[in-house]
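Here's the structure, in structure tokens; my notes come after.
The values are calculated or read from the model by the stated rules, or taken from the named source; none is laboratory data. Quick caveat, the model's predicted, so the values are computed rather than measured. Using ideal geometry, Cβ is built from the backbone for each residue, glycine included, and neighbour counts are taken over all protein chains shown.
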């Protein structure tokens, strides 16, 4: 089973995604976002700490931006949380915030395709968490519009390989 869990900030999507794998004997939890720096952003570090503390002890945590390799190398179920933090890290890595998309977007799309293929080929359950950011106002700044647009593309690419897409709103789950 391949599942994409999407929703807004603090909607309960991560908690729900984790609950889908609570009975799994082995889970590789892939955390693809930037590592927290307590001195620079204590609020982000606190959010990461809550996620870490909530995971069962027998789950293996892998902090990496190479999603395709993480999925291919995993035994058992895989949980990726989340595509929004992954996209931020990739744009940072490619120095994409200030460059034209044509210069680096093909690299991003290749990574999305590789990740989608790895999900499709994985022999066990894969649950992917992402953010739904395209349902609100148009962001004022270029970086916000860039992120919103690209995350929509990323989400569509991953959803194509999923058997189920779930939208979490206010802790309630809707099957799409």
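Inspection of the stretch 125-135 finds a residue satisfying the criterion of being modelled with pLDDT under 95 and surrounded by fewer than 18 Cβ atoms within 10 Å (Cβ to Cβ). Within the stretch 99-149, restricting attention to residues that are within 17 Å of residue 84 (Cβ to Cβ) and in a loop (DSSP other than H, G, I, E, B), the residue that is farthest from the chain's Cα centre (by Cα) is 141.
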